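A quick write-up on the structure given underneath.
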Amino acid sequence: MKYIMKAGTLYFNDIVSAQIKGAFIGSGKKIYSANGSILMHTDIANLEVPPNEMGNVRYRQYILFDSSDNICAVANPDYAVGDDPTVVGWPLCRMPRVDHARVIYDKNEYLLVMQNDQNYLLSDKFSKAVIQIFHRGLVGGWNIEVMNNFAPEIICGIFVFCKYIEQENEFLVV
């Protein structure tokens with residue numbers, strides 16, 4: 001199935017399937033149905049961090065909740081190969097690059113990979129692509145190809161997880 005994401009709205013055959021809306025403050029996003037009822041919401045949880053591991057992305061989780069605040073999916077971000085600060089040390093002028101997250105959804109494990117700053121791939125445990133997300137270039141928005149039977153709100157949640165990975169790589173201003 002082929003979807004298009006434009007300005008936080010997910011379309012299938014030019015019909016609204018779901019919408020993502022954010023708050024002014026914080027990382028949380030809400031996912032709405034086509035008729036405007038809230039279906040899910042996302043947030044970033046900071047886990048308990050040892051003092052010598054402050055800033056380590058492995059102590060964060062991206063969480064997708066249903067409308068009753070039950071956890072539906074969890075993603076654990078991790079560093080790119082060759083950028084792991086426990087192996088190569090902390091860079092002086094930037095944060096270590098984050099390029100993937102392990103996603104647990106519906107008792108299945110997936111790998112969400114930021115292939116570059118405009119393409120994402122969610123694959124199953126057999127490395128089979130289940131969702132591909134491509135930036136549409138100058139026209140704007142995103143093409144989303146879904147190979148499995150994911151509900152539109154889950155697709156939106158995975159899209160938000162992609163945006164969270166992007167945020168991990170933004171330049172930190174102090």
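Using heavy atoms of the protein chains and a probe of 1.4 Å, the accessible area assigned to residue 125 is about 150 Å².
Rolling a 1.4 angstrom probe over the protein heavy atoms with all chains in place gives region 106-149 an accessible area of 61 Å² per residue.
The distance linking region 1-72 with region 127-158 is 14 Å (Cα centroid to Cα centroid, whole angstrom).
How many percent of the alpha carbon pairs in the chain exceed a separation of 27 Å? In whole percent, the share of Cα-Cα pairs in the chain beyond 27 Å is 25.
For region 1-56, the dipole from Cβ point charges (+1 on Lys and Arg, -1 on Asp and Glu) about the Cα centre works out to 340 debye, to the nearest 20. Each residue, residue 58 and residue 86, gets one label point 7 Å from its Cα in the Cβ direction; the gap between the two is 0.2 nm. Rounded to the nearest 20, the Cβ-based charge dipole of the chain about its Cα centre (Lys and Arg +1, Asp and Glu -1) stands at 340 debye. Annotation: amide H of residue 115 within the under-5 Å range of 120, 121, sequence separation 5 or more or interchain, hydrogens built in the peptide plane. On full extension, the segment bounded by residue 15 and residue 128 gains 37.9 nm, given 0.36 nm per residue less the C-alpha separation.
For region 121-152, the set of chymotrypsin sites (Phe, Trp or Tyr not before Pro) satisfying both a DSSP loop assignment and a count of at most 10 other C-beta atoms within 10 Å is given as 126. For the chain, the longest principal axis of the Cα atoms and the long axis of helix 152-168 meet at an angle of about 30 degrees. Counting lysine pairs in the chain that sit 8 or more residues apart in sequence, or on different chains, and whose Cα atoms lie under 27 Å apart gives 25.
The values are calculated or read from the model by the stated rules, or taken from the named source; none is laboratory data. Here the structure is a predicted model, which is why all the values come from computation and not from measurement. Cβ sites come from the backbone with ideal geometry, for glycine too, and all protein chains shown count toward neighbours. Heads up: the accessible areas ignore ligands, DNA and RNA and are worked out on the full protein's heavy atoms, side chains in. Shrake-Rupley method; radii C 1.70, N 1.55, O 1.52, S 1.80 Å.
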